[in-house]
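In what follows, a single structure is set out as structure tokens and then discussed.
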Amino acid sequence: MMPVILWTDALIFLLIAVGAAAAWYVRRREHLLLPWQRVAKSSVGMVSLLVLSLFLLVGLLDTLHYRVALPEKSNGQTVYSPEVLSAFDTLVSGLRGRIEKTYSAPLTAYLYAKESMERPDGKILRDYPRLKYGGAHLADPERELAGDVVKRALLGAAVGLLAALLLADGITRLYPAARKSRPLGAVFIAILIIAALIGAIANLASAYHVLGTDKVGQDVLYLSMKSIRTGLVIGTVTTLVMLPFALLLGVAAGYLRGWVDDVIQYVYTVLSSIPSVLLIAAAVLMMQVVIEMHADWFETSAARADVRLLCLCVILGVTSWTGLCRLLRGEALKLREMEYIQAAQAFGVSTFRILTRHIVPNVMHIVLISVVMDFSALVLAEAVLSYVGVGVDPSTISFGTMINAARLEMGRDPMVWWALASAFGFMLVLVLAANLFADAVRDAFDPRLNRMESAT
Amino acid sequence: MISYLVRRIFYAIPILIGVNLLTFALFFVVNTPDDMARIQLGIKRVTPEAIEKWKQQRGYDKPLLLNSAASGAGKITDTIFWQKSASMFVFDFGYSDDGRNISREIQTRMMPSLAIALPTFLVGLVVYVSFALLMTLFRGTALDITGVALCVLLMSVSGLFYIIGGQFMVSKLWHLVPISGYAGGLDSIKFVVLPIAIGVAGSIGSSGRWYRTIFLEEVGKDYVRTARAKGLSELRVLFRHVLKNAMIPILTGVVVVIPLLFMGSLLTESFFGIPGLGSYTIDAINSQDFSVVRAMVFLGSVLYIAGLILTDISYTIVDPRVRLQ
């Protein structure tokens with residue numbers, strides 16, 4: 001086994017390191033901790049954070065990539081399979097490996113399309129064949145299927161509930177104070193529901209395709225969960241690319257004024273005057289040409305798809321920093337007239353130090369609010385861009401590619417609805433949780449909204 | 001005011017030059033015309049002669065910025081930059097890969113785009129503002145909270161879902177309107193109703209919430225208290241006072257997009273088969289027709305800047321305190 005660190009993996013690890021460092025820094029400073037404590041008091045915020053962290057967990061597991069060593073060796077050197085797998089793939093290897101022939105509806109034992117089959121008595125019959133894996137343990141699916149599904153779902157939910165209860169009991173024993181906190185009550189109920197749901201789905205998934213299969217027979221549940229990482233990468237890495245531009249240029253333009261301001265304003269006016277979809281499309285088209293012309297740069301197809309994903313993030317970042325930059329410029333213009341900044345200037349503090357010590361910390365709340373607000377917009381944008389044809393690599397599993405593939409099957413009769421529904425469903429839950437969490441963060445951090453509270 | 005406008009238009013020129021240089025760098029420097037030819041003709045089996053022919057047909061066989069072989073003004077004018085990029089300033093977009101005149105294509109495709117985008121914009125404006133005013137009227141009550149929750153839910157749904165779902169329900173299940181297509185004149189109504197309805201419904205969540213925030217900000221101000229103290233009814237306060245005073249933030253966000261309505265919507269037009277500029281752009285992206293994409297980028301930024309100027313003018317109409325000098 002050889003660990004593989006793709007470009008986006010490295011950036012995600014960097015992001016986690018930055019996040020951990022920020023958390024450590026904030027923990028020891030009461031004034032920075034205060035708004036986060038307000039977030040922690042919001043039930044909606046905490047429940048959405050719980051859902052988000054589940055998505056994050058799947059995404060992170062899917063980020064630990066490796067390549068399996070092949071059994072045969074060439075010239076004494078180990079040869080690795082060209083296929084790049086992740087820890088998540090290994091965890092759900094059952095889902096990944098059980099590939100049917102073509103479409104099948106959720107929780108069924110039969111294939112979507114009729115086939116000619118030879119009966120034992122030699123007659124040829126056209127009928128729906130049994131699935132290779134889905135419900136294969138049933139002797140007579142038509143009679144047993146419904147009962148078996150209910151039984152498995154209930155059993156799985158019960159095990160999930162039990163596990164959640166044991167976990168909650170353990171936590172309250174360790175931290176008795178947790179019992180009294182109000183938002184934890186909502187979080188506790190949410191944990192119970194989610195645990196029951198996960199238990200039921202996991203137990204069903206061991207014998208069925210819970211969300212059906214797609215055109216080439218892959219499990220839709222597996223595809224939906226793989227899409228999470230792509231969505232998270234686009235939502236977070238784009239921010240990582242955009243932040244330095246927006247923060248540095250915005251603050252510099254607002255504080256320094258003069259020709260620096262003119263140049264920076266000119267650059268962002270030019271960039272923002274091009275409708276963003278068109279600018280992204282133009283840049284992605286050019287990026288595609290570069291990648292196609294240099295196919296030899298990439299060792300595996302996964303590396304190539306990953307570089308495309310990274311480029312998409314960079315392009316989205318470069319085209320989207322202008323909004324935040326304008327906000328920060330305005331805020332810096334306001335701050336530079338404040339007395340404490342003028343005092344710092346009078347004391348002869350260097351410009352660089354004023355920027356980093358006095359201006360940047362005081363615009364961080366704007367940065368944070370806009371980052372969490374942008375996340376959901378980026379996840380939604382990915383699907384649209386993939387439809388337009390300027391999104392991720394067609395081989396990358398993402399909500400956009402899933403919707404794109406499933407859209408063409410709407411015309412079939414009976415309709416193939418499950419792939420489309422699961423992509424939209426997963427996306428809705430992710431984006432809704434992100435939006436609700438963003439609202440909680442905004443309410444806690446926006447100084448205009450909580451002036452009364454901090455005065456008391 | 002006239003002198004202000006003239007100055008604003010002059011200010012727009014450096015920005016358009018910036019856009020022009022940016023697109024030139026993107027389309028001709030990042031990838032050379034040779035690369036383009038290879039992508040268009042297929043990477044593997046392509047001869048140098050075929051590339052030369054492709055470039056010659058499209059006028060890409062000239063030097064990028066400076067033609068040292070030519071004499072006089074030809075040194076600058078007989079180049080790719082002059083003929084393909086600078087010429088866009090006089091709206092000469094050249095020819096697309098299938099040999100059609102892009103400028104003429106844009107002219108004929110503007111009307112279908114407008115037939116969808118303009119009604120969507122107007123109906124949307126009325127719907128969103130009244131929805132937001134309703135939420136403001138019942139602010140703090142269960143109705144308002146439900147409305148906001150609904151907004152958050154609606155804005156979390158992918159835009160593709162509205163189009164795919166709406167098309168499926170209305171056209172396929174209920175057979176109310178044709179699935180896609182377009183016709184000129186009055187016949188077009190049955191084709192444009194659904195795209196307009198979906199376009200309005202698609203952004204009711206984000207827009208409704210945005211307008212509500214604007215109105216709530218105004219409702220907290222002193223003049224509203226004065227108006228109530230005079231004994232005006234809440235409805236009158238909202239429509240006569242709050243709505244009028246909220247016009248500046250509303251116009252800031254709304255007027256900018258009016259010129260861009262000409263460009264149509266990429267998604268709606270391609271799903272409903274409307275022969276407008278949006279589907280033109282999508283087709284160009286899919287067939288990698290770079291000259292069309294380049295033209296649309298330039299046209300888009302021209303319209304955006306026109307929108308900014310219109311926004312300034314609209315301020316003077318709604319707020320007599322604003323004077324453009």
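Just so you know, all these numbers are worked out from the coordinates, no wet-lab data involved. None of these values were measured; they are calculated from a predicted model. With ideal geometry, Cβ positions are generated from the backbone for all residues, glycine too; neighbour counts draw on all protein chains shown.
Which peptide among A:400-410, A:222-232 comes first, and what is the full order, when sorted by highest mean count of other Cβ atoms within 10 Å?
Ranking, from highest mean packing down: A:222-232, A:400-410.
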Please name whichever of B:GLY307, A:GLY425, A:THR300 sits farthest to the positive end of the charge dipole of the protein assembly as shown, dipole taken about the Cα centre and charges placed at Cβ: Lys and Arg +1, Asp and Glu -1. B:GLY307
Farthest toward positive dipole pole in chain A [+1 Lys/Arg, -1 Asp/Glu at C-beta], among A:VAL270, A:GLY250, A:GLY411: A:GLY250
Size of the dipole of the protein assembly as shown about the Cα centre, Lys and Arg at +1 and Asp and Glu at -1 on the beta carbon, nothing else charged, in debye to 20? 1900 debye
For B:ARG212, net neighbour charge (Lys/Arg +1, Asp/Glu -1) across residues whose Cβ lies under 9 Å away: +1
With 10 angstrom as the radius, rank B:ARG236, A:ARG442 by how many other C-beta atoms surround their C-beta, starting from the fewest. B:ARG236, A:ARG442
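Among A:192-198, A:350-356, A:369-375, what's the highest-first ranking by average C-beta atoms within 10 angstrom per residue? Numbers along the way, then the final one.
On the way: A:192-198: 17.0, A:350-356: 13.1, A:369-375: 20.3.
Top to bottom by mean Cβ count within 10 Å: A:369-375, A:192-198, A:350-356.
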Counting sequence-distant residues (5 or more places) and residues on other chains, those with an amide H built under 5 Å from that of A:VAL84 are A:ALA302
Which whole-number percent of Cα pairs in region A:107-209 have a distance greater than 16 Å? 68 percent
Would you work out which of A:PRO361, A:SER74, B:LEU176 lies farthest towards the positive end of the dipole of the protein assembly as shown, given +1 charges on the beta-carbon of Lys and Arg and -1 on that of Asp and Glu, about the Cα centre? A:PRO361
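Shape verdict for region A:1-141, please, from the Cα gyration tensor: rounded (a/c under 1.5), prolate (a/b greater than b/c) or oblate.
Oblate.
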Nearest 10 degrees, 0 to 90: helix B:142-155 Cα axis against chain B principal axis: 10 degrees
Excluding residues fewer than 8 places away in the same chain, name every one of the lysines whose C-alpha is closer than 20 Å to that of B:LYS172. B:LYS190
The relative contact order of chain B, taking Cα pairs under 8 Å that sit 6 or more residues apart, comes to a percentage of 22 percent
Cβ neighbours within 10 Å from other chains - mean over A:285-291: 6
List the residues, sorted by chain then number, that are 5 or more residues from A:SER398 or on another chain and whose placed amide H is less than 5 Å from its amide H. none
Which shape class applies to region A:340-456: rounded if a/c is under 1.5, otherwise prolate when a/b exceeds b/c and oblate if not, where a ≥ b ≥ c are the square roots of the Cα gyration tensor eigenvalues? oblate
Rank the residues A:MET427, A:MET46, A:MET364 as a footprinting-exposure proxy: fewest other Cβ atoms within 10 Å of their Cβ go first. A:MET364, A:MET46, A:MET427
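With an 8 Å Cα cut-off and a minimum separation of 6 or more residues, compute the relative contact order for chain A in percent.
Here the relative contact order equals 20 percent.
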Checking the a/c ratio against 1.5 first, then a/b against b/c, what shape does the Cα gyration tensor give for the protein assembly as shown? rounded
Karplus-derived HN-Hα couplings along region A:361-374 (A = 6.51, B = -1.76, C = 1.60, θ = phi - 60°), whole Hz, x at Gly and Pro: x, 8, 10, 4, 5, 5, 4, 4, 4, 6, 5, 5, 5, 6
For the ranges B:97-107, B:298-308, what's the packing order if you count other beta-carbon atoms within 10 Å of each residue, average per peptide, and put the highest first? B:298-308, B:97-107
In a Gaussian network model of chain B with springs linking alpha carbons closer than 10 Å, the residue among B:THR136, B:THR311, B:THR146 that fluctuates most is B:THR146
Could you work out how far helix A:301-335 tilts from the main Cα principal axis of chain A, as a 0 to 90 degree angle to the nearest 10? 30 degrees
Rounded to the nearest 20 debye, dipole of region A:227-455 from Cβ charges on Lys, Arg, Asp, Glu: 460 debye
Please turn the phi angles of region A:116-124 into ³J(HN,Hα) values with the Karplus equation 6.51 cos²θ - 1.76 cosθ + 1.60 (θ = phi - 60°), one per residue in order, whole Hz, x for glycine and proline. 7, 10, 8, 7, x, 8, x, 7, 9
Debye, to nearest 20: dipole size of region A:107-209, +1 on Lys, Arg Cβ, -1 on Asp, Glu Cβ: 480 debye
Here the whole-number average of other chain Cβ atoms within 10 Å per Cβ of A:404-415 is 1
Residue with peak Gaussian network fluctuation, chain B [Cα springs, cutoff 10 Å], from B:LEU277, B:LEU232, B:LEU64: B:LEU232
Explain nothing, just compute: Karplus ³J(HN,Hα) = 6.51 cos²θ - 1.76 cosθ + 1.60, θ = phi - 60°, for every residue of region B:25-37 in order, whole Hz, x for Gly and Pro. 4, 5, 8, 10, 9, 4, 10, 6, x, 4, 4, 4, 4
Specify the angular offset, from 0 to 90 degrees and rounded to the nearest 10, of the alpha carbon long axis of helix B:204-219 from the longest principal axis of the alpha carbons in chain B. 50 degrees
